[in-house]
Amino acid sequence: MKHRLFWACACLAIFLAVHRQAQACASCGSGGKTPLVLYPSENLKYYLGLTQASGFRNFDPSGKSFRTQSTDIKRSFTLALGYRFSQKLFITSSLPYQQNIKGSASQQGIGDPSIGLHYIAILPSFSEPHVPQLQLVANGKLRQADGMNESLDPEQLDVFGSGYNELGLGADLWWGMTAWKFGLAQAWTYSLAEEFSGVSYQPGWQSQSILTFGRDYSAKGKLIGGLKYDFRGEVEIDDRAQPGSEIRNVSSFVTIDYLLTTERQLRLTWDRRGMTQANKNGFRQDSIIFAYQEIIM
């Protein structure tokens, strides 16, 4: 019953959003890390996303995978908003509502909210399609939900966040003015130390590299795929580094975008996290993401 209620509420929200009127137009894509990006002609936009993740497996330090004993399925409903201050500066924020399922048991809760400040250092131009858009990003994630170190459930159904406050910086290059598109993105994340049960934990710096490529398949849509490489340094416990605790994950994704109108867009994404044996201390999961975006002004 809880499962059906979760999806009924989420689908109703998207249904209502599709029927809302808007003004303005959509623009080209980007290879950024955030689920929502404002393009040059967009001043206010919102994003509604439904995600289902499954097929969880963990990787040990040698890269060998094994089935995890925690959650079977994770679902989330994400609301994101973006507002433009000027032609080159805009802000985004997002908040997820999550559901963790294990057999017939499940728990739901709000995840960690995030905020990002975006600066377009180089604007895209059809007169110079070989010059990429350059976007610089500063972001933060607020520790609101419990992480794994705070879990009271043996199957971690009560885990809806990372357990840490996070600060990040990033840069995004995107060649999107032609039918074929290409992007490179690099982000760094620093997690602030936290104390759990009298023990101090300090995760290492996290780096994420993204390679994106794709093509317009019609006047209303594009197909984009890419690779992601995540690395996190050794964790420190009570100021002592834990050898062999660094994390490596290689992922791939495919996204299909379709314009319903110039103001409304649908997006379907498949994401495979942990796709090769190069992973270390990470995990594998398959995610399907259905999203709706609308320009308000």
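Values quoted throughout were computed directly from the atomic coordinates according to the rules given, and no laboratory measurement underlies them. Here the structure is a predicted model, which means the values were calculated and not measured. Glycine also receives a Cβ, built like all others from the backbone with ideal geometry; neighbour counts cover every protein chain displayed.
For segment 61-75, does any single residue satisfy the condition of being within 30 Å of Ile296 (Cβ to Cβ), of a type outside the set (Gly, Ala, Ser), surrounded by 20 or more Cβ atoms within 10 Å (Cβ to Cβ) and touching a strand residue (DSSP E or B) at 6+ places or on another chain (Cβ under 7 Å)?
The answer is yes, given that some residue of segment 61-75 is within 30 Å of Ile296 (Cβ to Cβ), of a type outside the set (Gly, Ala, Ser), surrounded by 20 or more Cβ atoms within 10 Å (Cβ to Cβ) and touching a strand residue (DSSP E or B) at 6+ places or on another chain (Cβ under 7 Å).
Could you please find all residues in segment 98-127 being within 29 Å of Gly176 (Cβ to Cβ), in contact (Cβ under 8 Å) with a residue 12 or more places away in the chain and outside any strand (DSSP E or B)?
Hits for segment 98-127 are Pro113, Leu123, Pro124, Ser125, Phe126.
Answer with yes or no whether Ser191 is touching a Pro at 6+ places or on another chain (Cβ under 9 Å) and either small (Gly, Ala, Ser) or over 22 Å from Pro61 (Cβ atoms) (or both).
yes
Are any residues in segment 89-115 small (Gly, Ala, Ser), over 12 Å from Leu79 (Cα atoms) and buried (at least 17 other Cβ atoms within 10 Å of the Cβ), and if so, which ones?
If the condition is that a residue be small (Gly, Ala, Ser), over 12 Å from Leu79 (Cα atoms) and buried (at least 17 other Cβ atoms within 10 Å of the Cβ), then Ser106, Gly109 are the ones that fit.
Report whether or not Gly163 is without any contact (Cβ under 8 Å) to a residue 40 or more places away in the chain and on the phi > 0 side of the Ramachandran plot.
Spelling it out, Gly163 is indeed without any contact (Cβ under 8 Å) to a residue 40 or more places away in the chain and on the phi > 0 side of the Ramachandran plot.
Which pairs do you get when a residue that is at negative phi and without any contact (Cβ under 8 Å) to a residue 60 or more places away in the chain, found in segment 145-156, comes within reach of a residue that is of a type in the set (Lys, Arg) and assigned to a loop (DSSP other than H, G, I, E, B), reach meaning Cβ atoms under 7 angstrom, with the pair 6+ apart or on two chains?
Cβ pairs passing all conditions: none.
Any chance you could count how many residues in segment 236-252 are out of contact with any Leu (no Cβ under 8 Å at 6 or more places or on another chain) and surrounded by 15 or more Cβ atoms within 10 Å (Cβ to Cβ)?
Of the residues in segment 236-252, 6 are out of contact with any Leu (no Cβ under 8 Å at 6 or more places or on another chain) and surrounded by 15 or more Cβ atoms within 10 Å (Cβ to Cβ).
With the requirement that a residue be of a type in the set (Ser, Thr, Tyr) and either buried (at least 20 other Cβ atoms within 10 Å of the Cβ) or assigned to a strand (DSSP E or B) (or both), what does segment 76-88 give you?
Result: Ser76, Thr78, Tyr83.
I need the full set of residues from segment 218-255 which are part of a strand (DSSP E or B) and among the aliphatic types (A, V, I, L, M), in order please.
Hits for segment 218-255 are Leu223, Ile224, Leu227, Ile237, Ala241, Ile247, Val250, Val254.
Any residue at all in segment 265-275 that is outside any strand (DSSP E or B), closer than 28 Å to Pro203 by Cα, in contact (Cβ under 8 Å) with a residue 40 or more places away in the chain and not basic (Lys, Arg)?
Yes, segment 265-275 has at least one match.
From Asn58, Asn43, grab the single residue that is within 26 Å of Pro132 (Cβ to Cβ) and surrounded by fewer than 19 Cβ atoms within 10 Å (Cβ to Cβ).
Asn43
Confirm whether Tyr201 is crowded, with 17+ Cβ neighbours inside 10 Å, free of Cβ contacts under 8 Å to residues at least 60 places away in the same chain and not charged (D, E, K, R).
yes
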